[in-house]
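Structure first, then comments.
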Protein chains: 2
Amino acid sequence: MISSKREKLDPESLLELLRTKKKAVDRVIREHLPETHDVPEIDLLYKMMMDYPSRGGKGLRSALCLLTCQALGGKEESAYLTAAAMEILQNWVLIHDDIEDDSEMRRGDPVLHRRYGIPLTINAGDALHVKMWGILLQNEKILGKQITLAVLREFLWMTRETTEGQHLELSWVRNNRWDLQEEDYFLMCEKKTSWYTCTSPMRLGGIIAGAKEEILSPLFSLGRDLGIAFQIRDDILNLLGNEDKYGKETMGDLWEGKRTLLIIRLLNLVPETEERHKILRIMSQPRGQKQNEDMNFILDSMKKLHVFDYGNSRADELAKSAFSVFDKVFENPSNDSANVALRSLLEFMVNRDW
Amino acid sequence: MISSKREKLDPESLLELLRTKKKAVDRVIREHLPETHDVPEIDLLYKMMMDYPSRGGKGLRSALCLLTCQALGGKEESAYLTAAAMEILQNWVLIHDDIEDDSEMRRGDPVLHRRYGIPLTINAGDALHVKMWGILLQNEKILGKQITLAVLREFLWMTRETTEGQHLELSWVRNNRWDLQEEDYFLMCEKKTSWYTCTSPMRLGGIIAGAKEEILSPLFSLGRDLGIAFQIRDDILNLLGNEDKYGKETMGDLWEGKRTLLIIRLLNLVPETEERHKILRIMSQPRGQKQNEDMNFILDSMKKLHVFDYGNSRADELAKSAFSVFDKVFENPSNDSANVALRSLLEFMVNRDW
């Protein structure tokens, strides 16, 4: 756990703050999204687009964007559209990822393509992707042309990295690659998770607040480290978490054959024995051929070899390094209370249990 | 066929012109697309993104954008990036459509997901979609902020309509709907085809040339009618065309269960008999259960009832109405030779045999 003698929001107040921010961002999403159409089929498209955003995610990324903007002296309202687009980004990416990963559950309900089939769902993801750019173009009215274009460029960067990271992860599954090292995992996490979870939400807040390059640049390394720490905790929660609280299928990563730090660590620790072969055999099977007992076998191997402790300590190291950058960049915040909330949110993101 | 006493490019010269334009646009695409990456998996992502654009489409939409820009007094070069983005749009849409429609062939080769699997291919389509917005953001350097943003807004409109149209068509297949009338088909075509094939390519050329609203507005109806005429010819070519020349699977629309004007007309003509039941039974089967002889049975029914003549005459009517708008809008073109080429290209698009 990250310890800090700094002022910090208690969990209750932080959650209350998250709820307030999410409410404001959800209102902007609802203003832009629930179009209706006289043709019932097209009306269904808009219902599909609104489905994941209505399922009640935590809104961490949009809150991060809003709080960074405030901490750097910007107005919260000026970042609402951008924060809403961040949420829309996450949702279209999840719609497509759930197909690509053959997932079953998302935020406590069946994934979208299990409700509507793959063809309509790919297209609904595309339509939501388009809507993301549409919301960003609305920025012109409140931010002017210059910042609107700068925000668009940051989204471009972020979405390129996100698709590269997703490609990397999917390729490993497709090519049944298990000869991976921690550096491979870190690269994949940086691209797949860090950019859209930490780096760009914070940079976008900064861009909107008019922050200078000396503030915006260090956010690359800060975001990368925090994002990887966030993903490692997510990998752990996926295996050990409470399904009701976590909202995804428990052990989904094992069922889907995901390359996590935990499985890479396990394979690096287990010698060339029958156990190792069994683990590789199980993990290489398609989802439909895997058994519950196989999943428990791998989980037990991980526990036996203290893989979860290892993951937690790697996440702690990364978070520590990120917070040392944070404390330099935000040494003289323009808005103290926003700064305390921002730091508390980041700590929550890398220490959360849901 | 559209007859015209106006000056007109002969087919050879038009094809030569298309090749020249395509070469210029392809150069821009290659400048922006074939990124390489040290990580071999990510390198593959960029190869996948470049796959369809390298297969040699006709480049009709980008040529339409360039020629409209020139005819309205703009410089061809100022529309290169936008024309390249038009081609990229078509390619990411096709990558996803081919999965959604369970297609087999595209421009004479297997569709992308039959080479790389569905998960990687959905993601590559997303990455190409992102790249489209990226190319459009480059416009700032040559067109300035104002027009760059106007072009982005037109792309937004176009992509929204395209995804609505695709949703409509896919819904009909999913819900096995055959109670459709020509108006339903026309609405679907307008959204799925007209916008990205005619309306927006022409409007974009106009926006870049600095055309006024009295020029840009009539392009809505002109584009709609031409786009529907284009789609009707495409439906006919799909059933009667030469596979080598056309590049797609012959009778692919029947295998995929597409709702075309031809099948709607056929069902409106065939009374409630055994023949009608057989047609509905065949068309409602999933691709894998259909037989070659079933396809020929439907083709013969269509020929017997002159469905193709009907389709051609509907396309002619729509084209006629579009050209009467064209001749008013482009009465005093700023560039005569570009105007002749533009009109010749539009005639070719609704009269082509490949």
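List of remarks:
- Chain-alone versus full-assembly comparison, segment B:116-132, residues with accessible loss of at least 50 Å² (1.4 Å probe): B:Pro119, B:Leu120, B:Ile122, B:Asn123, B:Asp126, B:His129, B:Val130
- Buried surface for the A/B pair, taken as the accessible area of each chain alone minus that of the pair with a 1.4 Å probe, is close to 4500 Å² in total.
- With 0.36 nm allotted per residue and the present C-alpha distance subtracted, the B:Glu7-B:Ser217 stretch has 73.1 nm of extension available.
- In the assembly of identical copies, B:Asn296 has its label point, taken 7 Å from Cα in the direction of the beta carbon, separated from the corresponding points by 5.9 nm (ascending, one decimal).
- Counting every pair of alpha carbons in segment B:19-162, the share spaced more than 25 Å apart comes to 28 percent.
- Pairs of Cα atoms farther than 15 Å apart, segment A:267-339, %: 69
- Solvent exposure of segment A:249-345 as accessible area per residue, Å², 1.4 Å probe: 46
- GNM on chain A, alpha-carbon springs under 10 angstrom: the most fluctuating residue among A:Leu262, A:Leu149, A:Leu239 is A:Leu149.
- Cα centroid of segment B:19-96 to Cα centroid of segment A:1-69, whole Å: 36
- Short-range pairs are left out: with C-alpha atoms under 8 Å and at least six residues apart, the relative contact order of chain B is 23 percent.
- Dimensions in Å of segment B:194-314 - Rg and Dmax from alpha carbons: 18.0, 58
- A full extension of the chain between B:Gln146 and B:Asn175 corresponds to an added length of 6.1 nm, given 0.36 nm per residue minus the alpha carbon distance.
- Distant-in-sequence amide H partners of A:Met105 (H built 1.01 Å from N, under 5 Å): A:Val111, A:Glu249
- Leading residue at positive end of dipole, segment A:11-346 (Cβ point charges), from A:Leu254, A:Asn238, A:Leu94: A:Leu94
- Modelled this way, with points 7 Å down the Cα-to-C-beta line, the labels at A:Phe297 and B:Leu15 are 6.3 nm from one another.
- Rounded to the nearest 20 debye, the dipole magnitude of the protein assembly as shown is 940 debye, with +1 charges on Lys and Arg beta carbons, -1 on Asp and Glu beta carbons, and the Cα centre as origin.
- Both the radius of gyration and Dmax for segment B:180-242 are 13.5, 42 Å, in that order, over alpha-carbon atoms.
- Of the residues B:Ile88, B:Ile122, B:Ile135, the one that moves most in a GNM of chain B with alpha-carbon contacts below 10 Å is B:Ile122.
- Kirkwood hydrodynamic radius of segment A:276-318, from inverse mean 1/r over distinct Cα pairs, in Å: 11.6
- Loop sites by DSSP among the GluC sites (Glu not before Pro) of chain A, restricted to those with at most 12 other Cβ atoms within 10 angstrom, leave A:8-271 as the longest stretch without any of them.
- Electrostatic bookkeeping for A:Leu15 treats Lys and Arg as +1 and Asp and Glu as -1; over the other residues with beta carbon under 12 Å from its beta carbon, the sum is +2.
- Heavy-atom accessible surface of segment A:11-346: percent carbon and sulfur, 1.4 Å: 48
- Of the two radii for chain A, the radius of gyration is 0.97 times the Kirkwood radius, both from the alpha carbons; that is the Rg over Rh value.
- Distances, shortest first, from the label point of B:Glu182 to those at the same position in the other copies read 7.0 nm; the point lies 7 Å along Cα to C-beta.
- Which of B:Ile207, B:Leu64, A:Met202, positive extreme of dipole for the protein assembly as shown (C-beta unit charges): B:Ile207
- Chain B's nearest residue to the axis relating it to A, judged by Cβ and reported with the distance in whole Å, is B:Lys145, 2.
- Charging the Cβ of each Asp and Glu at -1 and of each Lys and Arg at +1, and nothing else, the dipole of chain B about its Cα centre rounds to 500 debye.
- In segment B:151-185, the residues whose accessible area drops by at least 50 square angstrom when the other protein chains are added to the isolated chain are B:Leu156, B:Thr163, B:Glu164, B:His167, B:Arg174; the probe is 1.4 Å and only protein heavy atoms count.
- Violating pairs (Cα-Cα greater than 24 angstrom) within the set A:Lys131/A:Lys258; B:Lys58/B:Lys141; B:Lys191/B:Lys303; A:Lys23/A:Lys131; A:Lys192/B:Lys58: A:Lys131/A:Lys258; B:Lys58/B:Lys141; B:Lys191/B:Lys303; A:Lys192/B:Lys58
- Point-charge dipole on Cβ atoms (K/R +1, D/E -1) for segment B:256-354, about Cα centre, debye to 20: 360
- In chain A, helices alone account for a calculated mean residue ellipticity at 222 nm of -23500 deg cm²/dmol, with every DSSP H run of four or more residues adding -39,500 (n - 2.57).
- For segment B:91-187, the pair-distance distribution built from all alpha carbon pairs, in bins 10 Å wide starting at 0, is 13, 33, 31, 19, 3, 0 percent.
- Mean shadow area of the protein assembly as shown, taken as a quarter of the surface of its Cα convex hull (nm²): 31.7
- Within 10 Å of each Cβ in B:66-78, the average number of Cβ atoms from other chains: 0
- A:Gln289-B:Ser284 FRET efficiency (beta carbon distance; Förster radius 45 Å; 0.05 resolution): 0.90
The values are calculated or read from the model by the stated rules, or taken from the named source; none is laboratory data. Predicted model only: the values in this text are computed from it and were never measured. Using ideal geometry, Cβ is built from the backbone for each residue, glycine included, and neighbour counts are taken over all protein chains shown. In case anyone asks, the SASA skips ligands and DNA or RNA and just uses the protein heavy atoms, side chains included. Shrake-Rupley method; radii C 1.70, N 1.55, O 1.52, S 1.80 Å.
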